[in-house]
Structure formats: C-alpha cells, structure tokens
Amino acid sequence: MSLDPYRIFDPEPKLRALAYELYEQVQNLPIISPHGHVEPRLLAENPPFPDPTELILIPDHYIYRLLYSQGIPLEKLGIPTLDGTPVETDHRKIWQLFADHYHLFAGTPTGYWLAHEFSAVFGIHEKLNSTNAQSIYDQLSACLAQPEFRPRALFERFNIEVLTTTDSPSDDLIYHQQIRASGWPGRVIPCFRPDALFEIAKPTWRQELAALEQAVGNSISTFGDFITALEKRRAYFKTLGAVSTDQGIETAYTQKLSQNEIDSIFQHALKGNVTPQEAQLFIAHMLMEMARMSIEDGLVMQIHVGVLRDHNRQVYSRFGANKGCDIPIPTEFTRNLYELLNAYGNDPRLTLVVFTADETNYARELAPLAGHYPAMRLGAAWWFHDSFQGMLRFREMMTETASIYNTVGFTDDTRAFCSIPARHDLARRVDATFLARLVGRHLIDMEDASRMIRALAYDLPQKVYKLN
Amino acid sequence: MSLDPYRIFDPEPKLRALAYELYEQVQNLPIISPHGHVEPRLLAENPPFPDPTELILIPDHYIYRLLYSQGIPLEKLGIPTLDGTPVETDHRKIWQLFADHYHLFAGTPTGYWLAHEFSAVFGIHEKLNSTNAQSIYDQLSACLAQPEFRPRALFERFNIEVLTTTDSPSDDLIYHQQIRASGWPGRVIPCFRPDALFEIAKPTWRQELAALEQAVGNSISTFGDFITALEKRRAYFKTLGAVSTDQGIETAYTQKLSQNEIDSIFQHALKGNVTPQEAQLFIAHMLMEMARMSIEDGLVMQIHVGVLRDHNRQVYSRFGANKGCDIPIPTEFTRNLYELLNAYGNDPRLTLVVFTADETNYARELAPLAGHYPAMRLGAAWWFHDSFQGMLRFREMMTETASIYNTVGFTDDTRAFCSIPARHDLARRVDATFLARLVGRHLIDMEDASRMIRALAYDLPQKVYKLN
Amino acid sequence: MSLDPYRIFDPEPKLRALAYELYEQVQNLPIISPHGHVEPRLLAENPPFPDPTELILIPDHYIYRLLYSQGIPLEKLGIPTLDGTPVETDHRKIWQLFADHYHLFAGTPTGYWLAHEFSAVFGIHEKLNSTNAQSIYDQLSACLAQPEFRPRALFERFNIEVLTTTDSPSDDLIYHQQIRASGWPGRVIPCFRPDALFEIAKPTWRQELAALEQAVGNSISTFGDFITALEKRRAYFKTLGAVSTDQGIETAYTQKLSQNEIDSIFQHALKGNVTPQEAQLFIAHMLMEMARMSIEDGLVMQIHVGVLRDHNRQVYSRFGANKGCDIPIPTEFTRNLYELLNAYGNDPRLTLVVFTADETNYARELAPLAGHYPAMRLGAAWWFHDSFQGMLRFREMMTETASIYNTVGFTDDTRAFCSIPARHDLARRVDATFLARLVGRHLIDMEDASRMIRALAYDLPQKVYKLN
C-alpha cells in the first residue's frame, strides 16, 4: 500500500502519461496556503505533537462526524465536552475504535488524505485495521517523539512557502509576533476574520465588542467608532503580514444602508434589541464596508457562503462549535452580490474571492460573474467539495465560462497540519487529470496546459493574494 | 443482440477488468427489494401473466409517457380510462404501435431494461421493430403460457430473497396472509404507506379515514384516536413481516405542533374545512409522529420527497393517478428536516431513509446530513434517476461526504415485476463501474472495493432494513 | 496546430474509433441554424467583412468580457460607447492586446472556436500570441479582401441550409425581402421576437408600441388591438419564411388573466403607470397568448429563460446591452409552466422549445416535462453551456428521461458568423462522443447510434422547426 505514483490520474494510458507529465512540472513547487485554520501557536512554540489520537482524530471533525453518523458516541472518541460530561481518556482505546471502523472512510477524501499522511509523512504503508491498530499507534508515537516531527521541521519538510491562519480582529497576534521575533524564516501570516463582530444578534456579541474595544484601546459607542476600530485592526494585521480578510456568511446578500439606518441598527445592537432582519441587514451592509476598506488598504476580501452552522443543537450544546454538524444550504449570488459588484466590482483595486458550498452556483452564477467583473475571483472547491470528485466538478463547471485565470488555485482550509501536503498534492493531481483530458481531446495543447498547471499550483495564489 | 457480459462497464480495458472482477463477486447474490410496487396478489394467486401488452406496456408509465410525449394518444395504447372513453383493445395492434416507436427508447433506462428483460427472461435477443413485432409477440405469448413464467416461478428464478410491496394502513393484507398460509417460502412483506390518510384537504380523505376506522374496528373522532389507530395498524403490519413505512411528500418540512394546534387541525379536517396551510402543517407534524412511532416500534421510516403528482390535469381526470405526469420540484432538506433531526436524529433506534428527485440536494444537503446524524441514511437514486447516469451521479455526489456506509444499496421501486432482475443487475454493474474507477485511481484498493460492492448489493439493505 | 481529426472524442482507442465512425456519418450534412443573431444585412448586401478586429473581437462579447474580467478596459478594446467616451480606434493595437492575452481563452469554448475558425476558415494554423499577432492580422486581412470571404460565399462554403435571424415584430424585414428578391438561393429566415413589446414597465415601451403601430398601419389603444397587431405581424413574418417565435424571459411563470385584468394592465401601460407585479403578470399572460397564436398559425414557440440582463449598470450605461454582463439566475419550470402546459401542452399543434441557463432544471424538471407533454421540446444547451462540458452535461442529464427525440438538435445562437461551422462541428463531435460511450457500454448499438447522430445533427431541427 505504498502510494502509487500515478494515483488519481485517469487510468487510460495516454491520459495517464499526459497527466503525469503535467503533474511532474508542479509536484515540487512550494506550497502556498492562503487560507486555513492551523494554530499559529504550533509554529511559535514548536512543541512536539501529542499522541496519534490527539494529533489525528480529536481535532478533525471530518473524521469523527463519520464515526458519529454510524452510531459511535462522540464521548467514546474523546471529544472534549463543554458541560462536563466525562469522555474517554484512553487514547489507545479511542485509536482502536477508529481502526475498527476505518473501512467507513473508503472512498472519502479523509480516507485518501490519511493514507497519504500515514505513508508520506510517517512512513506507514499498511492500511489501518483492527489488528494492526496498536502497532501503528506505536510507530506514529515513535515518530512524534523525534525532533524531525516538530511543527517547524514539518513546515520545512512540507515545503510550505506561506501559511495563513485565521484570526479574530481583536486578537493580539502574539504567536505571529513570536514567530517573527524568533528568527525562524517560516512565513506564517494572519487573516482578519470578523464574523463574531458582525453577528450582532448573538448573545456573545457584546463580549466580542468589548474585546475589540480593548484591542484598539478606546470605547466604541457609534457605528463610526466601530468602523474606525476595524480599520485600525486591519492596519495592525497588515503589520504582521496579513494579505486578506475572510467572512463566513449564510447568504451573500449585500446592501448599502443609509447612515441613519446603519447607525440606528448599531445602537439597537448596543442595547441588545436587534431584530433578526436588522441582524441580516447589518451583515449585508458590512459586506459593503469590507469591500470599501479592501479597496483602501489592499487586503484581499474572501467570503465563504452558505453553511448553516451547528445544525445539531444537542451536539452543539454539549461539544460546542465546529463538531461536524454544519450543513450547507442553497445560496444565490447574481442578485445577492448585485449591489456590491455594482458599487465596487469594476474597481481593479478590489479582489473579492468567493467560496460556496452549493455547487449549483458554479456554472449558473459564479463563473459568469467572475468571467465578467474585474474584481471577482473564484475560490477553490470548498469543504465537502475539497475532494477528487468535488475538485473535478469545480474545474468542469467553472473553467469554460470563467477561465482558470479567474480562479485562485488551491486552498486547503484545514486545521489538520499534517494533512496539508496530502491535500495540495491531491489538488495538483486533480488539476493534472483535468488538464490532461483537455489535451487528450485537443481542446488545448501542452504549452497551454503547462502554463495552466503552474498557474493553478503556484502562480495564481501568489498573484491573487499579492504574496510576492 | 445478446447481452454483452461487459455491458455498462467503462470500455477502458483495465477499468473494465476491475469492474468485471467486482461485479462477479455479487452477480449471483440474492435480490433484496426493500421498496417497490408489485401487486401481492400476483404472488398470492400465482396466475399466469396475461399477454405481452398487458404484461409489459399497459402497467408501465415509464413506457407510455414517452410514447405520449411523441404524440401518441394514451387511448391508442389501451390505457384504461376512468370516464368511459373507449380505448384500443386489440393488444397486437398496440404492440405494433409500440414496436413502430421502439427507437424512442434508445439511451433511456427503459430501453436498457427492456433489452435485458427480453433477452434474459424471455430468451429474445432481437431488437423489437416494426417488422418483427408480431413474431416477438408470439414468442412472448408462448413463454407466458408456460408454468415457468408464472409469478412464483419467476420470483424463484430471479433469486429474490425479499420483496416488499406498498400498502395502505387500512389494507387487510389478505394477499400477504394468503402467501404465508400457502406454505410457499417466498418472502413477500408489506410496507406501511399512509399518504392518503395524511392528505387531509383532499376530497377523498373522509373515505380513507372511514376505511381506517373499519380496519381498527372503532370510530376516530380525535387526533389521539387517529394516532392510536395508526399505531395499531403498524403493529398489524409487523405481524405480516413489515419492516418499514413510506411517505411520498412534496416537501420535507417538519414541525411539531402543540397538542392544541394539532387537535384543532384534525377537527377542521373532520369538518372538511382545512386551509391549505393547515394541510401542510398536518403533514409536517405527522412526520414527527411517524419518527416517534418508528423509534418505538422499530419500523424503518422512508420518505420520498419532491414530486408534484398529476401535473397534467387532463390526463389525470381521464386516466387517473400514476400516468407518467408526475414532475419533480426543487426541494430542501437542511432547514426542512431541522426539527425532526434535532428531536430524533441522534437516536440510533431511528432509521430515516431519505429519497429525493432533486439531485441538487445530493452533495449540498443530504450527504452532509447523512454523514453526521446517526439516524439518517440515503435512499437510492430515485425514479428518473434510477438509470446508468443517474446512479453514477448519485455515487459521485454522495460517496465522498456520506461514505457508502450511510446509503442503503439499491431500491427498484417498480411495478414491473419482470424488470426486477434487469434493474438490480444494472445497479450492481454501475456500482462495479464506480468502484473500479476508484481502484483504478488508487483511491481505494480491491479489498475495500470487494467489501463495498457486497455492502451495496446485499449487506447494506439487509442491515438497514433489519431483514435478517 | 492544425485541427486534429479526432479532437473532442474520448482518447480511449475504442471509444475514439466509435465516435469517429459516428461523426463521419454527419460531418458533411448541411447546417441548419434555427436560432441565431447574424445580421440579415450581411447576406442581403454581401459586403466584404471589415478588418479582423471588427470581424472577430468587437462584436463578440464572449471574447471581450473575459478580457474585461482580467482588468482590460472595454475602451481599450474599441467597444463603441453610447455616451461619447472615446475608445481605441487603432485596430492593430487592439488586436495586439487581444493576442497578448490569448492564453486566457485556453479551456474555454471561445478558445476552441477561434482555433477552429482560424484554421478551417482562414487557413491559419498557428496559435495567436504576442509575437505573431501582426502577421496573423495581415493574413486575416488578406483573406477578407478576397471575394471568397464575402458573406454569401462563406454561407455557401459553410454548407448552411437554413439560417434564422432574430427580429423585432415591427421590423420591415427589408433585408429578408432583398435576399429573396436577389435571386440568391440562400435560405435566410426571420424569427419573431417580441420581448421589447412585452416589457411594459420599461421607459422605451411606448416607443416600441409606436413602431408596432406604424408597422401595422393603425393605432393600438386596447389590448385587443395589441393582440391583433401581433397576429398580423406574425402573418407577415410567415410570408418571409418565418417558422418560429422567440422570447427571452427572466422566469417561465405563466398565467391566464381575465379579460378585465389584462385590459386594465394594458391601459396602465399606456398611461405609463404599471406596477412591477403588473409587468410580470403581463408577460405571464403573453406567454399564454403566444402559445395560443402558435397553435393557430403554426409558428414554433421558443422561450429562453433565466438570464438577468445588464447586471453591470456601469457597463450598461456606457456601452449598452449585450456587453457580456448578463448573468443567469435560478429558474423553475414545473410550477411556472403549469398553466400553459395544462392549457396547451396536450395539443400536438403546439411546439414549445424551452431553453434554460440553469442546468439544475435539466434532469429535475425539463426532461420529465418534455418526456410527457406532446407539445414540449428541449432546446439545446444554451449560452454559457454551449461548450464541450456544457453540451455533454446536457446530454447526460436530459437523454435518459426525455429521450433525444424530445430535443431539437443544436442551436448556435451566435452573432459571430464565421464561428458557425466551428460551433456545429463541436456539437456534432460532442454528440458522437456521447453516443460512442453509450455504444461502448452496450446501452445502445450502432444502428441506434447512427439514427441518433443523424437526428441530432439534421433530422430533429428540420422536423421540429418544420423546415422541409
């Protein structure tokens, strides 16, 4: 079970050879990771990774949501609870349970990434199963005890050129400061993600606002203060290398409110009595503000649209957010982005990168919009679609109308640090497969394809995110 | 035109060989048919099948809807009318008309199933056409006159292990009783389908309720009585082997009403003055009740969502329901199932099998939901999507997020008894094709694939529907 | 870079051979173009084409929208402005700019069509780039100076049997008259497109109505007058060979209003005070009227549904309509066409050809509707989907439920005259690819496939549009 050099490519010999030829051209290019969720602390403090269960299973909701779907309680998987419910603490026992159900992952991207990670990162070429579970645990543990498996060593071995984290506007970015101060040359940069500050109907909002007040060192009592504070924090993020912002939103609805309207909504928020409609309008208006600020300070604006968070209230209340029960909803862009694109979409100073979890938007709305507006670019296949079939569908539905040159290459968006090489390698292989098919049909030639595979693997993310 | 042993598989030699190797492992497994519309009378009374036209064409709206779409009146095809309009009665003439237009079915699943059925069931390897129409009619007629072509003989020859019918809660299940009493060992079981009892705004509802009253032997004058009656009938269905319920619904909207609300709606229904909104809420509430009952009595809960019935009122009023003019509508699950899944979706005693006719739900909502909630499973590609491309799209859009282990294998859902082997064989071939591609790309290995093909063909339906 | 004879086909040798065998059967059939936007003046006056930039780039929003999306101002591409803003007039300079960015088109249908057009029409086998831009400009210019490159000569060389233009009901069709009077045998026919007359809330509507009044020679002061005028103009269009009408509409919503309602809306329109809802209802009602008229006069009724025009107001106000910023929206057909299909869908005298830009409608709604209603046919993959992947998805999602015989073959829908052969050739190659796959899987045999490829390339458009 060592990794086949031709994996992912179409098995037809001619296409396989073409894909391999293209893949070889980018296989060893550095990894640019312009959006993700790795903890900056890992690279600031460079601690050894804990045991295999804590490294691989417990932080990865892709893994335990599937085990949960087959009836395994999250408590048995050691997922920490908020309400004090005791959970399994024997990590070897959890690992055994995982191994006993490893067949569930066959055909899923998680199964593929794990196989890659075990083999390429840890030199384990067996498939995990009930019998070898403990011996594989031993092998992984032995690796993790060595200095070559500390975060910075892996960062270098993975050939990561840029790694972007995701951070609250109020964050002091202490780990980013430490990384810079340490002299270690790895480029780890923050991304400005203000969601919690824009969700004004949530009970935690006042707390978020207080954190922002503290971060900027003054009180915020008007919408104007709020905007000024955000602008300050964006500037601060830039001093630590930030090139982008990000927003996770249920819909892409945009609307510019009048000064009076937005002031009044903000006052309602301060008093804790916003209506659901006001909460929606606030986000619609903040999308306009974020676009305006991006034009002014040059940060790339990203939006991730269309996931209903924490669908399972029972899991949410016991285990908290990001536990595998976020479920996509249908979304719309043509009308929702109308106001934003008409206000700012013709301005080449803006870069708006749009991600969706609803594939029906690809060919219908997103490709036509990105194939017209100078400001708009298409984010990579996201979340559930960050997979062989998902990435292929993305290319097939986006390329003809938008051209690959209005896309931004691959985004791993992961919190699983050791899966980063597997994910980027898969993306490069899928792109090689896609382009080989175009060459095989004489829709493009190898000169085109070589330029395109390099653009997707490296040139586009570097250029769109202004990383050189 | 005898059936090619490698049909359906990818023609590329390596993939074809892999697919064939996988297919061989399940080719001869017994057929489990956990949902369908075969008349139990056939297997109770075991009559000879009537002539070819009555066997193949007249009951199959897949066939005559396409002939109708090309301008052939249903009257000319012998479809019985409700309003007394005379129809063609010369079955050889109808057969000739069918043969004259047989080319219309090229590339449709009906065309493929018919070719399989003619060849594998009846030994006819020619393609039907204007010239051979009558001689093929003769050959089919000769077959049907023989005892080996009676329903029970075919049931055994088809290697059917379980066949599920679809039945009204008020049905006395007399044919199921007869089958059991006959000593014939074929396993034919009912499925509890209460749609007509839940559509309280329909003029026929009082009649349906009267039938239920008669079935339980007492009057139903409150919502409480109604629920008790349903529970009794579910228990009765179980005595005859039932393992499941089914509901056909336009939307999956679920909502638990208060006792007062639901009582009041039920009283309005009894008085015949429900509003359209009340009728919708009644179904939304009954979905909650059905889930609760399933948790209590263990029947698997199935829902088939998103088809607008009897779109063509002219055809409906002359010919009745199920005449090929049911048309899908867009559906939604993330928000619609929110209440049901939050109430019961974490309970492993519930199995909720969801079918949709809207493929946009596959990757966006259904796979993420089934890949999280322990109670949820994904029904097979349904109706229009029970086809080569349809089943392949289902696997491609569902597997990566949900894993095949949250699906339930194949469901033929047919009223065309003689097409059952063709349909299951096609499903097994499509799954072999899909899995061979994964093996060919090294996304899985043959050990995985062998386990998966067997799960899809046999183990999953057996397990999910609790059939052993 | 001469065109590969096997381009587009699957590279797998067996499938490639099958596809080629099928393609050869239709490769040289005449082109039927039942819907498009070529100017009839070209074929009436038969002028030499202007220079390459004016021939290829300036009229083709497929080309310049992509250049615009990458930050090139339309002014620099010589797109004429409405507001007097000066634009680049040096066509060699524009051509150079185009060539400098030619790589953007790799993998887009425009890129493929251009390669075909350069090679097959103009004998230029090099790929356009910065270096050869001027020499290719020279070669193209030299061609255009020759009589063999005048419109009528190309029409004949392209082997066009019928070319349909798109025309306002008020148009005098003078160019169509001239073509007929000229003795030249090319068949160029008009199509009746009344959109501007049905958009009663637009400020230009009164002007459109005035033009209609002038065309029919009497004043229009009631809805009855309006209908009579339309009927007259349809009759006039028929005298010049018209076989069809067309409507571009945002939604397919249909509703028959009462005489009072429609009269009242029409009076509001005359007074210039219609509400948005009245404007929508007017179109919903006019769809019913157009279907009725089609039944009476035999014109095929086409609808193109679901594109929001002129999304970019800045581009629209400076450059006008059809400038590459029309963006699709989600659409629905099952409920929207309910009233029209129930009123007229069973009438075989009606042919309703439906085009959508929302692929989610294909398998869900359109194929089931066309696979049932005698009056309904499926228009070809439209606009953004007129491409290799787009046409393949169309066949894959439509064929199984609707059968190819409820489709209408290919529609080029282009204003780029010289791209017509490239587009029809691509469609034939895609269909050959699709059918070869069905043959390769033994879903159909070569006899079926031969009939089907011919139907798609020639027989279906000829029959559906009543062209022989």
At most 15 other Cβ atoms within 10 Å and a DSSP loop assignment: could you name the chymotrypsin sites (Phe, Trp or Tyr not before Pro) in the stretch A:128-165 that fit?
none
Holding the Cα-Cα limit at 32 Å, pick out from A:K202/B:K463; A:K76/B:K232; A:K93/A:K202; B:K323/C:K463; A:K256/A:K323 the pairs that are longer than that.
A:K202/B:K463; A:K76/B:K232; A:K93/A:K202; A:K256/A:K323
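For the stretch A:48-149, go through all pairs of different Cα atoms, get the mean of 1/r, take its inverse, and jot down that Kirkwood value in Å.
14.0 Å is the Kirkwood radius here.
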Using a simple charge model, +1 on the beta-carbon of Lys and Arg, -1 on the beta-carbon of Asp and Glu, nothing else, what dipole does the protein assembly as shown show about its Cα centre, in debye to the nearest 20?
620 debye
Quick one: grab the alpha carbon gyration tensor of the stretch C:1-47, order the square roots of its eigenvalues as a ≥ b ≥ c, and give me rounded if a/c is under 1.5, else prolate or oblate depending on whether a/b is larger than b/c.
prolate
Would you mind giving the mean number of other chain beta-carbons within 10 Å of the Cβ of each residue in C:6-13, as a whole number?
6
Inter-copy distances for C:D4, label 7 Å out on the Cα-Cβ vector, sorted ascending, nm, one decimal, are 2.3, 2.3
Cα centroids of the stretch B:114-172 and the stretch C:207-244: how far apart, whole angstrom?
58 Å
Just to be sure I understand the model, the point goes 7 Å from the Cα along the line to the Cβ. What's the resulting B:E261 to C:K202 distance in nm?
4.6 nm
Just how far, in whole angstrom, is the stretch A:21-59 from the stretch B:245-272 if you go by their alpha carbon centroids?
52 Å
Along the dipole axis of the protein assembly as shown (charges at Cβ: +1 for Lys and Arg, -1 for Asp and Glu; origin at the Cα centre), the most positive-end residue among B:G78, B:Q134, C:L369 is B:Q134
Quickly work out the B:A142-to-A:L3 label distance, labels modelled 7 Å from Cα along the C-beta direction, and quote it in nm with one decimal.
6.3 nm
Amide H within-cut-off set for C:I189, under 5 Å, with H built and near neighbours excluded
C:L163, C:T164, C:T165
Counting Lys and Arg as +1 and Asp and Glu as -1, each charge on the Cβ, what is the dipole of the stretch B:157-207 about the Cα centre in debye, to the nearest 20?
100 debye
Have a look at the DSSP beta bridges in the protein assembly as shown and tell me what percent are antiparallel, nearest 5.
10 percent
In terms of the Cα gyration tensor, with a ≥ b ≥ c the square roots of its eigenvalues, is chain B rounded because a/c is under 1.5, prolate because a/b exceeds b/c, or oblate?
oblate
What are the nm distances, shortest first, from C:R335 to its equivalents in the other copies, labels at 7 Å along Cα→Cβ?
1.3, 1.3
Inter-copy distances for C:N28, label 7 Å out on the Cα-Cβ vector, sorted ascending, nm, one decimal, are 5.3, 5.3
Would you mind counting up the charge near B:A120? Only other residues with Cβ under 11 Å from its Cβ, with Lys and Arg at +1 and Asp and Glu at -1.
-1
Take the alpha carbon gyration tensor of the protein assembly as shown, find the square roots of its eigenvalues, order them as a ≥ b ≥ c, and report rounded if a/c is under 1.5; if not, report prolate when a/b exceeds b/c, else oblate.
rounded
What lysines could a cross-link reach from A:K14, if we take a straight Cα to Cα line under 24 Å and drop same-chain neighbours fewer than 8 places away?
B:K14, C:K14, C:K127
Rounded to one decimal in nm, the spacing of the 7 Å Cα→Cβ label points at C:D310 and B:Q70 is 4.5 nm
Consider just the alpha-carbon atoms of the stretch B:402-466 and return their Rg together with their Dmax, both in angstrom.
12.7, 39
Could you work out [θ]222 nm for chain C from helices alone, using -39500 (n - 2.57) per DSSP H run of at least four and dividing by all its residues? Round to the nearest 500 deg cm²/dmol.
-13500 deg cm²/dmol
Restricted to chain B, the DSSP antiparallel beta bridge percent, nearest 5, is 10 percent
Hey, got the dipole for the stretch C:50-148? About the Cα centre, +1 on K and R Cβ, -1 on D and E Cβ, debye to the nearest 20?
260 debye
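Each reported figure results from applying straightforward, stated rules to the coordinates on display, with no laboratory input. Fair warning: this is a prediction, and the values are worked out from it, not measured in the lab. Don't worry about glycine lacking a Cβ; one is built from the backbone with ideal geometry, like all the others, and counts go over all protein chains shown.
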